[in-house]
Amino acid sequence: RILGLTLGLDPGEEMHPLEARDRLRRAWVGLLEEIAADGAPAIVVVEDLHWADEALLELLDQVVRDASGPLMLLSTARPELLDRVPGWGAGRRNVSRIRLEPLSRADADRMLDEIASDLPGTVRELVLDRAEGNPFFVEEVLQSASRARSRCPTRFRR
């Protein structure tokens with residue numbers, strides 16, 4: 001019942017907010033341990049952790065500290081997370097950080113060749129400039145340019 005708080009449900013009993021927080025954290029740790037206890041290793045993926053609030057970061061820290069069993073927590077975050085919370089995830093056993101550098105301009109250009117080899121030079125340069133070496137942004141900027149082009153009257157395309 002306490003996990004229902006995550007969804008905004010009433011736990012069915014009155015409790016102090018700090019008690020609710022502590023019980024909710026223990027319940028999440030317990031749930032993940034149960035999942036990992038089914039015999040096969042479990043992987044929990046949390047993307048875009050740089051947008052997480054302090055409560056989620058504390059919960060994930062507790063999961064890493066307290067959960068047992070074959071459980072892997074895999075999270076992705078932009079460098080802003082460590083700008084905001086420099087020590088997050090550090091100092092824990094079995095914690096690794098992998099920093100992915102942006103693609104070089106030549107690699108991003110090769111990526112564009114693979115997904116859109118017929119781009120006019122000006123559009124190619126716009127995509128490369130705006131994406132700043134982020135492969136996801138290469139695709140997103142390209143899609144945005146494509147949508148803008150499709151909304152443009154035919155006589156203005158070129």
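Counting only GluC sites (Glu not before Pro) that DSSP places in a loop and that have at most 11 other Cβ atoms within 10 Å, the longest clean stretch of the chain runs over 48-158. Of Gly133, Gly121, Gly69, the residue with the greatest mean-square motion in the GNM of the chain, using alpha carbon springs below 10 Å, is Gly121. Overall, the range 19-158 carries a charge dipole of about 540 debye about its Cα centre when +1 sits on the Cβ of Lys and Arg and -1 on the Cβ of Asp and Glu, all other atoms neutral. Comparing Cα centroids, the range 23-63 and the range 71-100 end up 14 angstrom apart.
Taking the longest Cα principal axis of the chain as reference, the axis of helix 54-66 is set at about 60 degrees. As a length-normalised measure over Cα pairs under 8 Å and 6 or more apart, the relative contact order of the chain settles at 16 percent. Divide the volume of the convex hull around the Cα atoms of the range 11-84 by the residue count and you get 101 Å³ per residue.
Taking Cα atoms only, the orientation of helix 135-151 departs from the longest principal axis of the chain by about 50 degrees. Helix 17-36 and the longest principal axis of the Cα set of the chain meet at an angle near 80°.
Bear in mind that the values in this text are calculations on the coordinates, not laboratory data. Worth saying up front: this structure is predicted, and the values here are computed from it rather than measured. Cβ: placed from backbone, ideal geometry, glycine included. Neighbour counts: every protein chain shown.
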